[in-house]
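Peer 1: I am attaching a structure below and will ask some questions about it afterwards.
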Amino acid sequence: TTHINILDVEFIHTTRKQLINQTINHYGQKPIFLVTANPEIVMHAQESQHYNQILKSADYVIADGIGIIIASKILKKPLPERIPGIELMEDYLKYANQEQKSVYLLGAKEHVVEKAATKIKNKYPNLVLAGYHHGYIDINDSKIINQIQEAKPDFVFVALGYPKQEEWIYTHKEKLDKGIVMGVGGSFDIWAG
Ligand code: UDP
């Protein structure tokens, strides 16, 4: 696997298709932490040493946003394509639907996550909805990770916005035995419509 360093953030050099295959094949031994990083995230990592450390702890940092692709070209280390978080999530949901995998949703307001869960389940009836919870939570509260640990989902989508979603994943992911865990920003609002 090749990485491209942009302002001290290590981006994986991959296409969306390669990434899906790679993460699904490596799946099972331990949780996989994915960050879809846009320019705002890279700038925040410049300002916050702690957030920079969190990004370094991620298994994959993915170029979300044309600004990252442009930066990679200027640095003469071009990344193959932009991978929007929302599209990656959609690919994983399709896979979960095909393989009857389970999905947990954390984030957004109560009525938003509830509606997003209903819409996801309607579109992908064969996936298993392992549970959901709104995102107005204390980062250090262990109640939700305990619920997720018991539900053993294959995918955990965390929509708290950055940097909170990455901080939450970083704080809790060691408690999980498996699963693909990623921050998805405002995606549940889009799902809820
Ligand atoms: N949110 C949350 N908990 C918080 C703050 C925000 O669940 O403490 C949710 C909010 O309801 C929204 C999402 O996080 O659904 C943030 O979306 P935004 O588009 O601002 O995030 P970005 O894509 O910029 O990271």
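Peer 1: If you check every pair at least six apart or on different chains, which have Cβ atoms under 7 Å apart with a residue in the range 163-183 that is within 13 Å of the ligand (Cβ to nearest atom) first and a residue that is outside any loop (DSSP other than H, G, I, E, B) and acidic (Asp, Glu) second?
Peer 2: Qualifying pairs under 7 Å: Gly183/Glu166.
Peer 1: Output the residue which, of all residues in the range 1-55 that are hydroxyl-bearing (Ser, Thr, Tyr) and outside any helix (DSSP H, G or I), is nearest to Pro84 (Cα to Cα).
Peer 2: Thr36
Peer 1: Quick one: Ser72 ticks every box in (1) modelled with pLDDT under 95; (2) part of a helix (DSSP H, G or I) bar one, so which box is it?
Peer 2: Looking at each condition in turn, Ser72 falls short on (1).
Peer 1: Would you please name the residue that is surrounded by the most Cβ atoms within 10 Å (Cβ to Cβ), looking only at residues in the range 161-189 that are part of a helix (DSSP H, G or I) and among the charged types (D, E, K, R)?
Peer 2: Looking at residues that are part of a helix (DSSP H, G or I) and among the charged types (D, E, K, R), I get Glu166.
Peer 1: While we're here: Condition first: surrounded by fewer than 16 Cβ atoms within 10 Å (Cβ to Cβ) and more than 13 Å from the ligand (Cβ to nearest atom). Now tell me which residues in the range 23-55 satisfy that.
Peer 2: Asn25, His26, Gly28, Gln29, Lys30, Gln46, Glu47, Ser48, Gln49, His50, Gln53
Peer 1: Which residues, counting only those in the range 56-69, are assigned to a loop (DSSP other than H, G, I, E, B), within 16 Å of the ligand (Cβ to nearest atom) and either among the hydrophobic types (A, V, I, L, M, F, W, C) or farther than 14 Å from Leu7 by Cβ (or both)?
Peer 2: Ala58, Asp64
Peer 1: I'd like to know if the range 112-133 contains one or more residues that are out of contact with any Ser or Thr (no Cβ under 7 Å at 6 or more places or on another chain), within 15 Å of the ligand (Cβ to nearest atom), in a loop (DSSP other than H, G, I, E, B) and modelled with pLDDT of 95 or more.
Peer 2: There is no residue in the range 112-133 that is out of contact with any Ser or Thr (no Cβ under 7 Å at 6 or more places or on another chain), within 15 Å of the ligand (Cβ to nearest atom), in a loop (DSSP other than H, G, I, E, B) and modelled with pLDDT of 95 or more.
Peer 1: When residues of the range 64-92 are filtered for being free of Cβ contacts under 8 Å to residues at least 60 places away in the same chain and either within 30 Å of Ala151 (Cα to Cα) or touching a Cys at 6+ places or on another chain (Cβ under 7 Å) (or both), how many remain?
Peer 2: 3
Peer 1: When you check Ala130 against the structure, is it farther than 18 Å from Lys173 by Cβ and of a type in the set (Gly, Ala, Ser), yes or no?
Peer 2: Here the answer is no, as Ala130 does not meet what is asked.
The values are calculated or read from the model by the stated rules, or taken from the named source; none is laboratory data. Fair warning: this is a prediction, and the values are worked out from it, not measured in the lab. FYI the Cβ positions are ideal-geometry reconstructions off the backbone, even for glycines, and counts take in every protein chain you see.
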